[in-house]
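In what follows, a structure is listed as structure tokens, so that the remarks can point back to it.
Throughout, read-outs are computed from the coordinates displayed, never taken from laboratory work. Note that the structure is predicted; figures quoted are calculated from it, not measured. Backbone-built Cβ (ideal geometry, glycine too); neighbour counts: all protein chains shown.
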Amino acid sequence: MTDDLRYVGGSYPVHDVTEKVTGELVYGSDFSVPGMLHAKLVLSPIPHGYVTHIDASRAEALPGVVKVFSHENAPMDGFSRARIHPGQDMSFYDETLFSRHVRFVGDRVAAVVATSRETAAAAAALVEVEYEELPAMLTVDAALAPDAVPIHEDGNLLFEHEIDKGRRPDLEGAVLVSSATSTPRIHHAALEPHVCIAQGHSTGGMTVWTTSQGVYAARTVIAELLRLDYHRVRVIKLPMGGSFGGKTEYIIEPVCAFLALATRRPVKLLLDREECMIATMVRPATSTSIRTACTPDGELLDFEAVSTLDSGGFAASTPDYSIHMCKKVTKLYRVPHYRHAGRAVYTNTPVGGAARGWGAPEMAAATEIHMDRMAARLRLDPVELRLKNMVEPHDIDLVTDLPLGDARVSECLRRGALAFDWAARRARPAGRGRLRRGVGVAAGAHKNGMYGAFPEASRMSLKMNEDGTFQLNASLHDVGCGVVTTMKVIVAEVLGVSPDLIAAGEADTATTPFDYGTYGSRVTYVVGECARRVAEKVKGRLLAAAADLLREPAEHLVAADGAVRVRGATERAIAYRDIARLSEMRHVPSIAASMTYYAVSNPASYSVQFAEVEVDCATGLVAVTDFLAVADVGRAINRGMVEAQYQGAVQMGIGYALYEHLDVDEHGRAGVDGFKNYHIVNAPDMPDVKVLLVEHEGDDGPFGAKSVGEVATVPTAAAVVNAVNHALATELSDLPLTPERIIAALRGEEVPPCSSC
Amino acid sequence: MQLVLTVNGTTYEVEARPTARLLDVLRDQLGLTGTKEGCAEGECGACTVIVDGRAVNSCVMLAVQARGKEILTVEGLARDGELDVLQRKFVEYGAVQCGFCTPGMLMSAKALLMRDPTPSEQDIRIALAGNLCRCTGYTAIVAAVKAASGQESTPQMALPGVPGELAAAAVTDPATLAVACETVESEAGRPLGAPCTPVDGGPTPAGEGSTTSGARSVSEGGE
């Protein structure tokens, strides 16, 4: 390990922390422009059918209402909410601004634009819509039945694919184990609702302010749909109150942009909580069946899986999501043969799409619950069974053929088992009374960017200001996890100045260079390495400028602590600000540089997590009483924030395991419409999550850093479920483990899974 | 409908709709957008403010109910630019990520500390039970509130530096400045002015060259 790092590895708050604690930060929902109108959506109350008639006259008669828009007076070109660059594969143009064919309760039918939010909402209730109902395909089974009514032209089987890699060895004498796991549809539950503000300009262009994870992708969707040249569409990222993948795709941005152009006024579209839940995007419900074969002592010989994903009413990113479910197991375990068939299916339910972990938490639940079942059959300890099969550093991923890099998952498991006192706690009796205690473990893997699938690259420029401070120009999208701070720390480390002397802004298509944005676990690993390299370039320029000024060879100079010093004569120092001031007066190159960095690898990040639970057999309630998360992070750039992100990720995973689900009833209506009936884990229910970092810096990220934010939540739910199964000697595998499910299991009853898959 | 209410020590007279919520008046009429709206049904706590010493969800309180009352919002926590101890501890303990729940968390915690200056961890967790956070897992938030009540653990975060002090931290020694100035002056064919005076007004340059350029810069400063 490099131990001479000055700033990397320290702990820093998010860059805008002071404005956040004082309340002065203007989030998207706080943002306004003069003359701004407000829009309110009219959503379909039926799951499937056609709009046959819209009467907006009563709504438009309301004082303050500017206009009502629907399929009758808006473009009906299809768009893909998930597209990130023009001509992208796997983009499904199956959605329009407003639907005539409505495909789920919550589908956009119309929008009212009015002078106030209250007026828009009142008018939306006055828009009269008549529907011709079609039979609703509310489950995957219904959607795939021979007599199913097609939700889209090409049928309800949206996408299917199969991966078959390696060679199946002789399975004579092998132990076969099967399992079936289902994971629920859930709401991302970012605390700030979705919001967008758009304004057309008389020059023909427009500005869109949005709380998005990728402004360039928003631009490609908006510009092409509204037939505008890209250079006339300026998309600016605003401070946002969380995302978790839910603001990765472009759902309200095209609508709001259209409303602004159509009314020639600035328009704000701010959703309410119920709209966020049903009319944006959900983590898709999935089901996975696994059959493994292993030797009697637990060595995996064969792994076969079939997954089904409920896409809901539109494709969004679910086909890609479905593919990625097949790329998780072989990042974690060595197996001679791996086969995985996946499919994504349209149903008349809320749209599935990007969610933290992109298929990994879903697949980790299936895999890790299955591994515990194997361990039980073989009478092996779950840790021991996993250690027999885990990948080791520099293995090749059987599915992607990419090196896994310095994969330290087995070390995470060993160190975690010791720190958690696994062996002793696992051996402790669960108890026979009302309260039963158990411990569970699960491992998870995720990626580091999109290398291998996309031209994964980042671009940025960095300059020294006239006073020796620095300005980083990059398309950063801070969703709340400290991206801006991470970049400042990386640049600070290279340049030898405090991170406070580096300014870095967020993304704006008019002023910051092209970058995909914050998703795909790419930011620290790819964007961060770009920042490190551009800082190295600038440091080279800085040393060259100093060398020239001091008439010393550059190789005799070192840059640290805000000054360039002569090696061996450290009393001779020239402060950066003097280099900057003096160089400004000369005909010499600026102390600035630009950089395009193409990723060169895509190693795996890992997390191994240990949960202790106490199950109340009378109520079916589960309390998570202790939790340890071990993180293979390569190198923590911002230690405190890595730990904090892990703590939050575990909270999300506990909700996934125990509480959260967004089901629809027989009329296609969601059973939830707000936080009153959608339970987010709150402070009294959260254990004190301990985080143990494993740092080896063996890969190509800045200072050896790897991704954190997504992998952190990947194994959590599985660890909790495995702990409950340990406590109750059950084999529960349908998430979430609600009290009803637990009580039913204790009574030996079957309860069907929440999700339709 | 006319309302008189006191917010963060200032008394306001506002004209509000009878159905206006306290949240609407704070955000839309008084421009106090630090108070956030996350659910509009009193479940998430992002809109928490303190009314006459009690934490309330301003999204489920009519503005008229706040008539004549003393209201404290997140904007009123800091005094004369000095952060409240809770705000400071939220920064130091890394209790803020996306920050959208932060104002409400701070106000619930403030109300707790106003009635109980030394709460137990369980008291803190219960006081924050109505404030949802999706980012942090609450660990750092609870630690920050404990620290604000004097029960410090180890604060994690390096605090932002003081503007100006940081930039002045590195100093050029006079001899080196003289060499650098000479390079520029010889190229320019004229003496430099201000750039060759140490900016911090620190120690008088010792080297001959820099004394000269320093003296010149003073004399030419008025041009």
Among DSSP beta bridges whose residues both lie in the protein assembly as shown, state the antiparallel percentage, nearest 5.
-> 80 percent
Whole-Hz Karplus ³J(HN,Hα) for region A:655-668, in order, using 6.51 cos²θ - 1.76 cosθ + 1.60 and θ = phi - 60°, x for Gly and Pro?
-> x, 5, 6, 10, 10, 7, 6, 10, 8, 10, 7, 5, 9, x
Within region A:118-157, which GluC sites (Glu not before Pro) sit in a loop by DSSP and count at most 10 neighbouring Cβ atoms inside 10 Å?
-> A:153
Residues of region A:485-520 with amide N under 13 Å of the 7 Å Cα→Cβ point at residue A:88 | A:515-520
So, relative contact order of chain A in percent, Cα under 8 Å, 6 or more apart, is 17 percent
Spin-label pair residue A:53/residue A:740, simplified geometry with 7 Å Cα→Cβ offset, distance in nm = 3.9 nm
Here the equivalent ellipsoid of region A:331-438, derived from its Cα gyration tensor, has semi-axes (largest first, whole Å) of 29, 23, 14
Under a point spin-label approximation (7 Å from Cα along Cα-to-Cβ), what is the residue A:160-residue B:82 distance to one decimal in nm?
-> 7.1 nm
Return the average number of partner chain Cβ atoms within 10 angstrom of each residue Cβ along peptide A:571-581.
-> 6
Fewest to most neighbouring Cβ within 10 Å: what's the order for A:422, A:209?
-> A:422, A:209
Which ³J(HN,Hα) values in Hz, rounded to whole numbers, follow from the phi angles of region A:454-467 under the Karplus curve 6.51 cos²θ - 1.76 cosθ + 1.60, where θ = phi - 60° and Gly and Pro get x?
-> 9, x, 6, 8, 9, 9, 6, 9, 9, 9, 8, 6, 5, 9
Taking the Cα-to-Cβ direction at residue A:677 and at residue A:619 and moving 7 Å from each Cα, how far apart do the two end points lie in nm?
-> 2.2 nm
Given all pairs of distinct Cα atoms, chain A yields a Kirkwood Rh in Å of 27.2 Å
For residue A:514 and residue A:466, what does the FRET efficiency come to when R0 = 25 Å and r is the distance between their Cβ atoms, rounded to the nearest 0.05?
-> 0.35
Only Cα pairs under 8 Å and at least 6 apart count here; give the relative contact order of region A:440-578 as a rounded whole percent.
-> 27 percent
Sorted from fewest to most neighbouring beta carbons within 10 Å, what does the list A:594, A:601, A:583 look like?
-> A:594, A:601, A:583
So for R0 = 60 Å, FRET eff. of residue A:586-residue A:394 from the Cβ-Cβ r, to 0.05, ends up at 0.80
Pull out a ≥ b ≥ c, the square roots of the eigenvalues of the alpha-carbon gyration tensor of region B:53-118, then state rounded if a/c is under 1.5, prolate if not and a/b is larger than b/c, and oblate in the remaining case.
-> prolate
When A:597, A:646 are ordered from fewest to most other Cβ atoms inside 10 Å of their Cβ, what list results?
-> A:597, A:646
Pairwise FRET efficiency - residue A:175 versus residue A:334, Cβ, R0 = 30 Å, nearest 0.05 = 0.95
Where does the charge balance sit around residue A:78 when Lys and Arg score +1, Asp and Glu -1, over other residues with C-beta under 9 Å from its C-beta?
-> -3
Can you give the extra length, in nm with one decimal, that the chain gains between residue A:132 and residue A:729 once fully stretched, where that is 0.36 nm per residue apart less the Cα-Cα distance?
-> 209.9 nm
For chain A, with only Lys/Arg (+1) and Asp/Glu (-1) charged at the beta-carbon, what is the dipole magnitude about the Cα centre, in debye rounded to 20?
-> 1380 debye
What is the average number of partner chain Cβ atoms found within 10 Å of a Cβ in A:680-692?
-> 6
Looking at the square roots a ≥ b ≥ c of the eigenvalues of the Cα gyration tensor of region B:78-160, which shape do they give, rounded for a/c under 1.5, prolate if a/b is larger than b/c, or oblate?
-> rounded
Enter the mean number of other protein chain beta carbons within 10 Å of the beta carbon of each residue in A:69-76, as an integer.
-> 0
What size of dipole, in debye to the nearest 20, comes out for region A:20-112 about its Cα centre when the only charges are +1 on Lys and Arg C-beta atoms and -1 on Asp and Glu C-beta atoms?
-> 120 debye
Summed over the other residues with a beta carbon less than 11 angstrom from that of residue A:452, with K and R at +1 and D and E at -1, the charge totals -1
Positive minus negative residues near residue A:351 (Lys, Arg vs Asp, Glu; Cβ under 13 Å) | -1
Share (percent) of C-alpha pair distances in region B:6-131 greater than 20 Å works out to 40 percent
